[in-house]
Structures are given as C-alpha cells and as structure tokens.
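Written out below as structure tokens is the structure these notes cover.
Every number in this text was worked out from the coordinates using simple rules, so none of it is lab data. This one's a predicted model, so the numbers in the text were calculated from it and none came from an experiment. FYI the Cβ positions are ideal-geometry reconstructions off the backbone, even for glycines, and counts take in every protein chain you see.
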Amino acid sequence: MNKTVFLIIDGMADLPIKTLNNKTPLEYAYKPNLSSFLKHSVLAYPSVLGKLAPQSDSGVMADLGYDPIKYSTGRGWFECLGLGMEPRSGDLSLRVNFGRVDNGLLKEVRVYMSKPELHQLEAEINEKVKLEVPFEFKSGEGYRGGLILRSKNKPFSPFVSNNELGYTAKFYPHGKKLSFATDVKSKRVKKIKAERAEAAYTAGILNEFVEKSSDVIKRSSVYKDRKKEGLEVPNYLFLRDGAAADPELPDINDKYGRRWAAVVGMPLERGIAKAAGMSVIQGVHEEQDLNIDFSNKAEATTAALRKFDAVYLHIKQTDAVSHLGKYTEKYMILEKIDKIVIKRLSSALNQSNGDSLIITCDHATSSILRRHINSNIPVLISNDKFKASKEFSESSCRSNHINQIKKATDIMPFAMKL
Ligand SMILES: [Zn+2]
C-alpha cells in the first residue's frame, strides 16, 4: 500500500507582516526542499470552525477528519489521556495550569517550573488535598497538568465554567463542548460556575479542590524556595475544559483502511492520536534544541513508515513563537522544518509510486496579534496523480484551492482516496 505522511505545523498560517515585505512567515520562508513535493500537488484553503478562532484541540480534530462540534466533550479528556492518565465517562477530566493570583487578581496564567519542582507539587497535592471523591493530579510540561475527579455516587457534569480567564466554554447539543479564546476585560479571577443547575455539585467540588490545592502549594517547600530565590511563585491552579464523557472518536484505522502511527510530543496531540486509535510512537519528546527536535521527529517518522501505512507528525514550535510575537523566528523555524524534516521525508517517501505528503496547520496564529485567529488554513497535498503547484503559502492556497476541500474535515476523506 502507498504511504502517507500528514504533517501538522501548529499555528503555521499567519497574516502578512510589513517588515517581511508584506508576506506571511510561510510565504517569506525559503523552502527549497518543498519543491519536489510541489511538482505533483494540489492546494486547498479550508475553514476550520467558520467565524470562531479554533484552539489546538478542535483544529487537530478537524484536520484528522473529526468534526469537533460533533465529537468534542472537552479538551481535558485528551490532555489527561496524553499524560498517561485514564479518563472515564462519568469522571471529570480537566486541563490544569499552575498560575498566580494576588488579592483575587490574575498575575500570571503560566508559572514555569522544573520537572523536580512539578513532581514535588504533584505528590503533595495528591497526598494532602482531601475531597469527598478520589482524584488524580498529574503534572505535565512547564506549567501544565491534568486532573481527574473520580465519580463515586453520581456522575460529574461537564456544564461548568473555566476559572482560567480568556478561555470560555461553549456548549453544543448532546453534551458536546469546546472552548474559545475570548478577550479578558477584568483580571478578577472568578470561582468555577455551574452553567446548568445539574452542575452545582461538580462546580462545588472543583472550587474546593482549587482552594485546598492553593493552600498546599503555598505551604510547600517549592513555594518557599522559589520565593527565597526571587523566582515567580505559583499559588493557584487554573482548571479548564472539563470532560465527563468519552468523545468516542471512530477508529481512524477502520475508517480509512490504513494503519496509523503518530509522532507527537505534546500531551494534547498525543491524547487525540490515542483517542483516534493511532499507535503513538514511544520516546518522542519536545526538545529545546530544534535541530535535535526536528531530526528526532523526522527519523521517528521514517522508521514508523516501515511498519505503518500512515503517520501523523506534529510540530509545535511555530505556534509558541507566534504567541510571543516572534515572526522572524517563525519563518526561520519554517526554513528549518524544510531543511531537516521535508528533506528527510523527500527520501523516505516514494513520490513516483503513489506516496502522499499532506502539510497543513490546526489554526492560524497571528504573530502580530499574538493569538489564534479564525483565518482559513493553507493545505498542500502532494501525490503523483497531480500536476505542479507553484508555491505553498496562504495566498497561493487561496487563489488555487480545489473545490473538494471547503472545510478542514474534508482534507482526510480526500487524501485517503489517493
Ligand atoms: Zn495549535
């Protein structure tokens, strides 16, 4: 069977930037290794969620062919699954950030800490916080974590607000939910609210957890040591996107009749891949040094192609630099992806024998606005069935798009027929 690589470059799409000659970082980047894939390709420019600016969870789901509004029960499910926890229906699985709140006002949404510090706080929270239900808290990378409240006598409700400002939960029929970035008008941190009467019990336990874990953090040696050293101290946990049901994604291997593997380093993307039934390749981590990160991922993808028919490869850093406003770094990272990843894929894939490469992103991230935007996403699908495309950029995809791909969820059904 021919092979497929589906490369999702997080937040790759952007807006034109004055100092880049009014080009986007993708347009501006020198990408010589992409030319062999452009020789036989089609372009598309689909919308992800219409007028709403997607978060990564909904963007990745849509790219992989799962309509987020039909399937998402809350990002927390994937975050916990990706951290190696076991979310279950009836329990509540949430994404957690270590942050800081002073006098009820938000000071810091993300307090970065080392692995040993995170492990220490994780152990203390699990040991010292007492609730009427069992729970598991697990730390992730930097400032992140996952929380699962295990239901005892009654199932938890997903109809609760987030206490992290700037992320508003939106509810859809059949218990589906997604959250979207919204403007922060007031810095006052609010308690978690029951959005429906049935969620009062759930909101109450979550607020109790926030209060008790905050006390544990403030009494910890991590807090005291960091304060002594003049480092930013965490004193609050932000909880969001609680999921109380399995999103029940149809198995991707059955859906398309191909065996899928995933080369992903972040918990969210790992969780989505697992939930879709992909084999997640072990030993893939996010590395600080991008040369190492990209080489490792390119090698892992090449190795996975020997055993699997299709590989989902995710690269995170383009989104991270966009949130920091570093558009120069963004185009340089895209050049590095071309130099290391695309080059490796051009020898790993047999382009004259039906193998395909798909390149797109989960959402556009504006490095001027420093946030996700609702722009359509550029898509390149390379296969020897197609004629040549000149260039891969937002504008070339907008003016040369194929009609079969109008929404991001159309990408997979189209590509899997090749
Ligand atoms: Zn993203």
Ranked by GNM mean-square fluctuation in the chain (Cα springs under 10 Å), the top entry among 293, 183, 338 is 183
Where nothing but the Cβ of Lys and Arg (+1) and of Asp and Glu (-1) is charged, how large is the charge dipole of the chain around its Cα centre, in debye to the nearest 20? 620 debye
So which lysines can residue 51 reach, going by Cα to Cα under 24 Å and dropping same-chain residues fewer than 8 places off? 23, 70, 170, 176, 177, 185, 316, 406, 407
What ³J(HN,Hα) values, in whole Hz, does the Karplus curve 6.51 cos²θ - 1.76 cosθ + 1.60 give for region 259-264 when θ = phi - 60°, with x put for Gly and Pro? 8, 9, 10, 10, 10, 9
Just to confirm the filter: which trypsin sites (Lys or Arg not before Pro) across region 9-73 are DSSP coil and have at most 14 other Cβ within 10 angstrom of their Cβ? 39, 51
Using Cα springs under 10 Å in a Gaussian network model of the chain, which residue among 316, 387, 343 shows the largest mean-square fluctuation? 387
Would you mind calculating the relative contact order of the chain from Cα pairs under 8 angstrom and at least 6 residues apart, reporting the percent as a whole number? 34 percent
Taking Cα pairs closer than 8 Å and at least 6 residues apart, the relative contact order of region 78-243 in percent is 30 percent
Excluding residues on the same chain fewer than 8 positions from residue 224, give the aspartates and glutamates whose Cα lies under 20 Å from its Cα. 102, 108, 117, 122, 124, 127, 211, 215, 232
What does the charge count around residue 345 come to, taking other residues whose C-beta lies under 13 Å from its C-beta (Lys +1, Arg +1, Asp -1, Glu -1)? +3
In a Gaussian network model of the chain with springs linking alpha carbons closer than 10 Å, the residue among 185, 107, 193 that fluctuates most is 185
